[in-house]
Amino acid sequence: MIQIDKSLIDTLRKSESIVFFTGAGISSESGIPTFRGKDGIWNKLKPEELANFNAFIRNPEMVWEWYNHRKKIIHEAQPNAAHLTIAETQNHFKNVTVVTQNIDNLHRRAGSNTVFELHGNIERNFCINCKKYYNEELDFSKGVPKCECGGLIRPDVVWFGEYLPEDQFLGGEKAAISSDVFFVVGTSAVVYPAAGLVYTAKQSGATIVEVNLEETPLSSIADYSYFGKAGEILHGVLEEYKLSLKY
Ligand code: OAD
């Protein structure tokens, strides 16, 4: 059991706005593989061959095969203790915002109400031509599904070289600027511009709390770093906080 610093609990007691900035590591306890690290997907597959627009145009079948495989894993997964603890935090603070790099929808399924998705959502799809959305189950029986306009339908996720959805990024940035405590959970923090939000929060005066299995490039700027499983650590922080309210 990791010891949570009393000074962090004191800071939380004075805080109104909490942000949880999350990455693939928060969903690894739900059985969804991360990108980097020991069992990361990018150790086996090259991002430039799958997660980019040119790859999709060259070989849409291969890219869809990979996304359908990930979709299956995600559909079978359940929110874990980390997602659930974050959702429970909403009962204790005025503003709780999740800013996630994940596309798996597990924060919403856990009950988080304010979620900014920086890299899209695997549950949505759209036509590369006319941008019409297709969010129902797609039919692959005749090959890669096409829009009524003839364009290929792709998953609504951000690929390498693409811009982040502006409204989601601006929402995340606004939350970072006004946060009192900014938790950075389960992200290697190497993919920009998403990772830059941690610096935005820091420059705006937030207390930065990192939760990860290991050190990351952000550990040096974090006010607190807790190394271990996100589910256990976040649960520990919330329990210590609730305990502190009794005295
Ligand atoms: P990564 O796979 O790069 O990093 C996952 C992080 O989670 C690592 O630092 C692990 O140490 C940590 N981790 C793993 N299991 C954990 C656990 N149980 N508890 C706490 N920490 C744990 O994933 P991201 O940082 O999310 O982008 O990757 C960022 C982006 O890179 C992704 O959104 C994706 C990828 O390319 C796009 O697809 C655009």
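Summary of computed values
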quantity: F93 versus N113: modelled label distance in nm, points set 7 Å from Cα along the beta carbon direction; calculated: 1.5 nm
quantity: J(HN,Hα) series, the stretch 31-48, from Karplus relation 6.51 cos²θ - 1.76 cosθ + 1.60, nearest Hz, glycine and proline x; calculated: x, 9, x, 7, 8, 10, x, 3, 9, x, 5, 6, 6, 9, 10, 8, x, 5
quantity: Whole-number accessible area per residue in Å² for the stretch 1-156, which is evaluated in the context of all protein chains at 1.4 Å; calculated: 51 Å²
quantity: Computed [θ] at 222 nm, deg cm²/dmol, the chain (DSSP H ≥ 4; -39,500 (n - 2.57); rounded to nearest 500); calculated: -10000 deg cm²/dmol
quantity: Nonlocal amide H pairs with L213, under 5 Å, H built at 1.01 Å; calculated: G228
quantity: Residue-count net charge about T89 - beta-carbon cut-off 14 Å; Lys, Arg +1, Asp, Glu -1; calculated: -2
quantity: Peptides 106-114, 4-12 ordered by average Cβ neighbours within 10 Å, highest first; calculated: 106-114, 4-12
quantity: Low-density loop cleavage sites - chymotrypsin sites (Phe, Trp or Tyr not before Pro) in the stretch 49-146, where at most 12 other Cβ are within 10 Å (DSSP); calculated: F140
quantity: Whole-Å semi-axes of the ellipsoid equivalent to the stretch 165-247 (Cα gyration tensor, √5λ, descending); calculated: 23, 16, 11
quantity: Spherically averaged projected area in nm², based on the convex hull that wraps the Cα atoms of the chain; calculated: 13.5 nm²
quantity: Cα centre as origin, Lys/Arg/Asp/Glu Cβ charges: the chain dipole, Debye; calculated: 180 debye
quantity: Rounded percent of accessible protein surface that carbon and sulfur make up, the chain, 1.4 Å probe; calculated: 51 percent
quantity: Rounded to 5, the percent of DSSP beta bridges in the chain classed as antiparallel; calculated: 20 percent
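The values are calculated or read from the model by the stated rules, or taken from the named source; none is laboratory data. What you see is a predicted model, and the numbers here were worked out from it, not measured in a lab. Don't worry about glycine lacking a Cβ; one is built from the backbone with ideal geometry, like all the others, and counts go over all protein chains shown. For accessibility, only protein heavy atoms count, side chains too; no ligands or nucleic acids. Shrake-Rupley method; radii C 1.70, N 1.55, O 1.52, S 1.80 Å.
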